[in-house]
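Have a look at the structure below, then the notes.
The values are calculated or read from the model by the stated rules, or taken from the named source; none is laboratory data. A quick note: this is a predicted structure, and the numbers were derived from the prediction, not measured. All Cβ positions, glycine included, derive from the backbone under ideal geometry; neighbour counts span all protein chains shown.
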Amino acid sequence: MKRKIRFLLNIVLFATITVGFLRIQVYADADKTALIAAKAQIESIMATQDSSPEGDSFYEDASYTAFIDAITALGGTAGIQAVIDDPLALQIHVDNMVADINVAIAGLVTSDTFYATLANFSNAKDIDLDPYTSDSQILYNLELDRIEAILYDPTAGDQTVDDLNIDIDNAASLLVLRGDKTDLLAKKGEIDMLYAGDGADYTPSSFAEFQNAYEDIDNVLMDDIGMTLTQLIDDIDALPDEVSAAEVRLDEILTILVLRPDKSDLIEEYNNALDLDETIYTSDSYADFTSELVFIQAVINNPEALETDVEQALVDLAGLYALLVEKADLSQLALDLDAALSLDLSEYTPESVSEYLDALAIINSIVEADDSDEDQATQAATDLLAAGNLLVLQADRSTLSTLNEMVIVAYYEERLLYTMSSYSAFKEAVDTYGSYLYVNSIISDDNIDQDTVDALVLALENALDLLKPLIDNTELLNVYLSYKSADLATYTQDSQTLYNDELDRIYAILIGRELDADAAAQIILDFLAINDLLVDLPDFTALQDLYDLSNIYREENYSISSYGAFMTAKSNALEVINDPNANTSMVESAMQNLENAIANLVIKAEKIYIFEDQTIDINTYVTLGEATVVSYSTIDNAIISVDGTGIVTGIKFGESQVLIELSNGYTEVLDIHVKAKVNTTVYILTFTIPVASVGLGAVIIYIKKDTWTNAWQIISKIFKRKR
């Protein structure tokens, strides 16, 4: 077996060396899918061209011919098929053939694309290039030459030829129009003619500025476009922007000129203004009018005046007539003034007469001046009417004189006939407006006005109205004495005091200096109401009897709280009996309280028994009456406890006391006995004892559960000793 394996390995090694030495090559068949598709595309192109109508081939003839030549160079369709059929064809040869076919196909140009592009190209060639600059014409023709070379290349390809339409359209943008100098030359001719003239139609300053600007035009254009005006005109390729810039500069020069306005209308109107008759106008208005004419004359004489200046001067001149004011007719005013001066002034106050005459003097000066306008004349007539209002009639002081005499008498001679308070108010009122000397000064003043007199009359009347005469107190004193002598024994002490105090108050008024009619009327009303102050004494009989009867109740027989409430009610009853101001309501209340306290007396309780852990409400053993509980406490908290509401709890076997402190000063003491809580368990013990030893049969023992253990131990010991 080993020999066979070695033999096989040697054969393999020999074959490997032999093959490597002889360099044997093995190839797979090439991928011809693309080539087959390319051949099919060639056949489709040929069929399309062959089926085209006569004279209207699908592909442009030269392009199709170039395509056939390229395919023929590859061996035609037969040569291509031979490669497809050749199993030994190399892949690189197949790929190269596919690439060559694709190049030939891509170079085809359809007739539609070619002739459409050719038509567009022909239109571009036919453009008149004269309006455009020389440089732009050269660039344009070079671009068309490039486009033409591609257009007539039979292998350029349909898309490339179609894209030439964009290039043809864009070529137009290379052309630059030459500037049109028609308007420029016209403007220059106009300016040359004006420059050579005398400028008489224009304002001197604007014509001088115009000449200077035209003389400087070449410098300006050199800054703007880099050439003079002459160079621009001579330059056949001058651009529109350059020509336009020069036109703008020439327009600017022309706009400097300002035509002299026509002043004939203004001069005519000015002369008419000078011819006005000044006598019919007020001197001030005519002076204002003529002073403004100076400005109109200045415009006429100004060689630099503009059209707007002349127009404005005409408007201003028309407006100046508004300054003129015609003189008024003062004849009626003079007649009215004479009537006013003839008025009898003796009835009026001297001061008002003086003011009146001063006002007439002003009006007289207007009449004499004869230089007033209508408004001034109208105002003077109004002032003449108003002057009459300045006159003030002398005041009627007769009533004031009479009242002043009455005030003097009351103030100095009759003061004791009036109440003190009314006289004080009267005196204060008089002192406020002044003394009789002030009133006399008003009475003697011929210039005083009636309003002042009337106001002072009212002040005196008001002062006199404040006086209230004293009245006779005899009858009222008799009434007082009758009330003062009344028997008050059956009334309470306090009400007697109030009654007497009221009488004292009334008496003080009766004998004082304030007893006027109003005070007397009020005193009568007070007399009628005074008996209402008295309060009848109550009947103490029933309360006294009950109080005497209550002495039979002894403290040792009753609970502390109920007896304390009883004593409080009893003490209150005694206070009412001894109160000289007690009323019926107080007596009835004291009697009711005492009856209730007697009814609520509680026989003193024996010990209160409770069990361990049992609770009771201790309040049920307390009589409060009018009192309240202040606090709860115990003397031994280990036996019993009590909370803030009076709930008592038994804690353990024993005796203690609960203390209840009351608001009336008493403290209720209750004895509490706590019984032990017994849990009874019945045990039945049967003992068997020898008859010979003890004659004891069966014994039933009832014993507490918690003592059973001890009992059992004792019994056990007994029986143990017997054994």
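Remarks
- Under the condition of being out of contact with any helix residue (DSSP H, G or I) (no Cβ under 9 Å at 6 or more places or on another chain), surrounded by fewer than 16 Cβ atoms within 10 Å (Cβ to Cβ) and among the hydrophobic types (A, V, I, L, M, F, W, C), the residues counted in region 595-649 number 5.
- Just one of the numbered conditions (1) under 30 Å from Gly512 (Cβ atoms); (2) polar (S, T, N, Q); (3) under 60 Å from the mean Cα position of the chain (by Cα) is not true of Thr452: (1).
- Checked against (1) over 25 Å from Val648 (Cβ atoms); (2) touching a helix residue (DSSP H, G or I) at 6+ places or on another chain (Cβ under 9 Å); (3) surrounded by fewer than 19 Cβ atoms within 10 Å (Cβ to Cβ), Thr568 passes all but condition (3).
- Tally of residues being farther than 20 Å from Leu470 by Cβ, of a type in the set (Val, Ile, Thr) and without any contact (Cβ under 8 Å) to a residue 40 or more places away in the chain across region 390-435: 3
- Residue among Leu503, Leu528 that is in contact with a Lys or Arg (Cβ under 9 Å, 6 or more places away or on another chain) and not assigned by TED's automatic domain parsing to the domain that holds Ser421: Leu503
- Residue within region 82-99 that is surrounded by fewer than 16 Cβ atoms within 10 Å (Cβ to Cβ) and touching an Asp or Glu at 6+ places or on another chain (Cβ under 6 Å) present: yes
- For region 231-317, the helices (runs of 4 or more DSSP H) that sit wholly inside it and include 1 or more residues that are within 60 Å of the chain's Cα centre (by Cα) and at pLDDT below 90 are 283-301.
- Any chance Asn170 is within 29 Å of Phe67 (Cα to Cα) and either touching a strand residue (DSSP E or B) at 6+ places or on another chain (Cβ under 7 Å) or not hydrophobic (A, V, I, L, M, F, W, C) (or both): no
- Of all residues in region 274-291 being surrounded by 12 or more Cβ atoms within 10 Å (Cβ to Cβ) and of a type in the set (A, V, I, L, M, F, W, C), the one that is nearest to Ala322 (Cα to Cα): Phe289
- Long-range neighbours under 7 Å by Cβ, at least six apart or interchain, first residue of a type in the set (Ser, Thr, Tyr) within region 446-475, second surrounded by 14 or more Cβ atoms within 10 Å (Cβ to Cβ): Thr452/Ile442
- Test result for Thr382, more than 60 Å from the chain's Cα centre (by Cα), hydroxyl-bearing (Ser, Thr, Tyr) and over 19 Å from Tyr281 (Cβ atoms): no
- If you go through region 204-223 and pick out every residue that is surrounded by 13 or more Cβ atoms within 10 Å (Cβ to Cβ) and either under 60 Å from the mean Cα position of the chain (by Cα) or not β-branched (Val, Ile, Thr) (or both), you end up with 12.
This table checks each residue for (1) modelled with pLDDT of 90 or more; (2) of a type in the set (Asp, Glu); (3) in a strand (DSSP E or B).
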{"site": "Tyr547", "(1), (2), (3)": "yes, no, no"}
{"site": "Ser562", "(1), (2), (3)": "no, no, no"}
{"site": "Asn572", "(1), (2), (3)": "yes, no, no"}
{"site": "Pro580", "(1), (2), (3)": "no, no, no"}
{"site": "Ser589", "(1), (2), (3)": "yes, no, no"}
{"site": "Ser633", "(1), (2), (3)": "yes, no, yes"}
{"site": "Val658", "(1), (2), (3)": "yes, no, yes"}
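- Of all residues in region 103-131, those that are over 26 Å from Gln159 (Cβ atoms) and either of a type in the set (Lys, Arg) or touching an Asp or Glu at 6+ places or on another chain (Cβ under 9 Å) (or both) total 1.
- So Leu337, is it more than 60 Å from the chain's Cα centre (by Cα) and surrounded by 14 or more Cβ atoms within 10 Å (Cβ to Cβ): yes
- Tabulated pairs, region 367-382, first assigned to a helix (DSSP H, G or I), second of a type in the set (Asp, Glu), C-beta under 9 angstrom, 6+ apart or interchain: Glu374/Glu326; Glu374/Asp329; Ala377/Asp329; Ala381/Asp336
- Region 160-180 - residue that is in contact with a Leu (Cβ under 8 Å, 6 or more places away or on another chain) and under 17 Å from Asp234 (Cβ atoms) and, of those, surrounded by the most Cβ atoms within 10 Å (Cβ to Cβ): Gly179
- The set of residues in region 576-594 that are surrounded by 14 or more Cβ atoms within 10 Å (Cβ to Cβ) and touching a strand residue (DSSP E or B) at 6+ places or on another chain (Cβ under 9 Å) contains only Asn583.
- For first residues located in region 238-258 and charged (D, E, K, R), partners that are not in a helix (DSSP H, G or I) and lie 6+ apart or on another chain with Cβ distances below 7 Å form the pairs Glu242/Gly179.
- Thr649 being assigned by TED's automatic domain parsing to the domain that holds Asp545, in a strand (DSSP E or B) and polar (S, T, N, Q): yes
- Those residues of region 129-154 which are over 28 Å from Gly179 (Cβ atoms) and surrounded by fewer than 18 Cβ atoms within 10 Å (Cβ to Cβ), in sequence order: Arg146, Glu148, Ala149, Ile150, Tyr152, Asp153
- For region 388-414, the set of residues classified as modelled with pLDDT of 90 or more and among the acidic types (Asp, Glu) consists of Glu405 only.
- Cβ-Cβ under 9 Å pairs, at least 6 apart or on other chains, region 352-364 side in contact (Cβ under 8 Å) with a residue 12 or more places away in the chain and assigned by TED's automatic domain parsing to the domain that holds Thr382, far side of a type in the set (D, E, K, R) and surrounded by 14 or more Cβ atoms within 10 Å (Cβ to Cβ): Ser352/Asp449; Ala359/Asp383; Ile362/Asp383; Ile363/Asp336; Ile363/Asp383
- Yes/no for Ala119 being farther than 28 Å from Ala34 by Cβ, out of contact with any helix residue (DSSP H, G or I) (no Cβ under 8 Å at 6 or more places or on another chain) and modelled with pLDDT of 95 or more: yes
- Highlighted here are the helices (runs of 4 or more DSSP H) found entirely within region 416-490 that include at least 3 residues which are within 17 Å of Glu405 (Cβ to Cβ) and in contact with a helix residue (DSSP H, G or I) (Cβ under 9 Å, 6 or more places away or on another chain): 420-433, 436-443, 450-465.
- Conditions (1) in contact with an Asp or Glu (Cβ under 7 Å, 6 or more places away or on another chain); (2) over 30 Å from Ile471 (Cα atoms); (3) not in a loop (DSSP other than H, G, I, E, B); number of the one not met by Phe566: (1)
- Taken as a whole, region 377-389 holds at least one residue that is more than 30 Å from Val325 (Cα to Cα) and either out of contact with any Cys (no Cβ under 9 Å at 6 or more places or on another chain) or loosely packed, with under 14 Cβ neighbours inside 10 Å (or both).
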